[in-house]
Amino acid sequence: MNHDNYVIDDLISAKQIAARVESMAQEISTQFADSPQLVVIGLLRGSFMFISDLVRELALPVEVDFLETSSYGNSTESSREVRILKDLRGEIEGRDILVVEDIVDTGHTLHHVLNLLNSRNPGRMMVCALLDKPSRREVDVKADIIGFEIPDKFVVGYGIDYAQRNRNLPYIGTVRFND
């Protein structure tokens, strides 16, 4: 299979994403209305566009931090081995946190991250994922707030890449390889 020869089919438009991000932010703002300062933790790199748009819509004080994990490399399949490439800069003990993930697929990355963060004794913790692919789940983990449930297709755009390409697309599309 030639991985340079593929087509991207539209799945979720930029307009649909913007509307859903706005409604997710309202839900999060309500859930954490009593929080003195919510720590929003983005999982890099795929969530960078989503977290940027999401925090601008939140109607509460936030601090933003990032974790970078790796489980895909340049493949379309998860290796199921999650590595932490960049850890948080700040402390989260006793603080309310929102973990922001681009996509929950097999669940291995999110499961690993939640175990790591729970070991640091946060206050309330919720997970917000732009995309959920429940048909691929191998680990019992789920996001509290989900933008869109999608089919078992490899997707790119809006921060999500294939071999470090297509992150800059303003929409989400499915990848179809031309064999």
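A straight Cα-to-Cα reach below 13 Å connects residue 15 with the aspartates and glutamates 53, residues fewer than 8 places away in its own chain not being considered.
Running a GNM on the chain with Cα contacts under 10 Å, which residue among 64, 104, 139 ends up with the highest mean-square fluctuation? For the chain, modelled as a Gaussian network with Cα springs under 10 Å, the answer is 139. In percent, rounded to a whole number, the relative contact order of the range 13-151 is 22, using alpha-carbon pairs under 8 Å and six or more apart.
Kirkwood analysis of the Cα pair distances in the range 97-137 returns a hydrodynamic radius of 10.7 Å. Of the residues 92, 33, 174, the one whose Cα sits farthest towards the positive end of the charge dipole of the chain is 174 (charges of +1 on Lys and Arg Cβ, -1 on Asp and Glu Cβ, taken about the Cα centre). Of the GluC sites (Glu not before Pro) in the range 29-134, the ones in a loop by DSSP (not H, G, I, E or B) with at most 12 other beta carbons within 10 Å are 77, 81, 91, 93. A Stokes-Einstein calculation at 4 °C with viscosity 1.567 mPa s, built on the Kirkwood radius of the range 13-151 over Cα pairs, returns a diffusion coefficient of 86 µm²/s. Remark: 103, 12 ranked as 12, 103, counting other beta-carbon atoms within 10 Å and listing the fewest first.
Over the C-alpha atoms of the range 78-179, the Rg to Rh ratio, Rh being the Kirkwood estimate, stands at 0.99. Mean residue ellipticity at 222 nm, helices only, the chain: -7000 deg cm²/dmol; runs of at least 4 DSSP H residues each add -39,500 (n - 2.57), and the sum is divided by the number of residues.
Size of the dipole of the chain about the Cα centre, Lys and Arg at +1 and Asp and Glu at -1 on the beta carbon, nothing else charged, in debye to 20? I would put it at about 180 debye.
Bear in mind that the values in this text are calculations on the coordinates, not laboratory data. Everything numeric in this text was worked out from a predicted model, so none of it was measured. All Cβ positions, glycine included, derive from the backbone under ideal geometry; neighbour counts span all protein chains shown.
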